[in-house]
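Reading through the structure tokens given below for one structure.
None of the figures in this text is laboratory data; all of them are computed from the coordinates on show. Just so you know, these numbers come straight off a predicted model, no measurement behind them. Cβ coordinates were reconstructed from backbone atoms using ideal geometry, including for glycine residues, and neighbour counts include every protein chain displayed.
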Amino acid sequence: MQLFVDAGAAGRAFPVEHGGQNDNGANLASFEELVLADPSMQIKAGVQWGLFGSAIQQLGTQKHHDKWLSDVRTLKLPGAFAMTEMGHGSDVAAIGTTATYDADASEFVIHTPFRAATKEFLGNAALHGRAATVFAQADHRRRELRRALLLRADSGRGRRLPARRHERG
């Protein structure tokens, strides 16, 4: 995938100020062409720049864009897209993972309350991912909406990571 970055073909849909070309059409065309050459690479690229990077671009604020998009585009921050859970697939309304903001620590506490709420990562994230956009139910006691968070973590190298707390955006 580094060859795509070096050739200027990574993150074509990303904003120009973050090294992209702001060109959704070129991004889509290259994604379609890539499947003819290497379907496996298309999936890896699609997860990195299409799912992970686009979640930051489309759901994040300018602060998040400035902090992460360039590193996502250049692979300095390889990532995963953590929406799918074992018990419900990709039904976002049924997500079991919760995110509760701890104001005293300025962190989100991520909780997987039951086995079926375990996230299943895509695109080799167990080996290479260093961050994930994680979809979770917000604290229901505060009547908050579902949210996506970017969480940085050391790679589990295929192992389940221990429980951890994550800083706010």
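Please compute the net charge surrounding residue 42, taking Lys and Arg as +1 and Asp and Glu as -1 over other residues with Cβ under 13 Å from its Cβ.
On the way: positive: 44; negative: 32, 33, 38.
Value of the local net charge: -2.
Can you check what the net charge comes to around residue 20, using other residues whose Cβ is under 14 Å from the Cβ of residue 20 (Lys, Arg +1; Asp, Glu -1)? Write out the running numbers ahead of the final one.
Working: positive: 12, 73; negative: 17, 23, 66, 71.
Every neighbour counted, the sum reads -2.
Can you tell me the length gained on complete extension of the stretch residue 21 to residue 118, counting 0.36 nm per residue apart and subtracting the Cα distance?
Details: separation 97, 0.36 × 97 = 34.92 nm, distance 3.57 nm.
Separation in residues times 0.36 nm, less the Cα-Cα distance, equals 31.3 nm.
Ranked highest first by average number of other Cβ atoms within 10 Å, how do 101-112, 8-19 line up?
Values: 101-112: 13.7, 8-19: 18.3.
Sorting 101-112, 8-19 by mean packing, highest first, produces 8-19, 101-112.
Given a Förster radius of 35 Å and the C-beta distance between residue 61 and residue 36 as r, what FRET efficiency does 1/(1 + (r/R0)^6) yield to the nearest 0.05? Intermediate values should be presented prior to the final figure.
On the way: r = 37 Å, r/R0 = 1.04.
Here the calculated transfer efficiency is 0.45.
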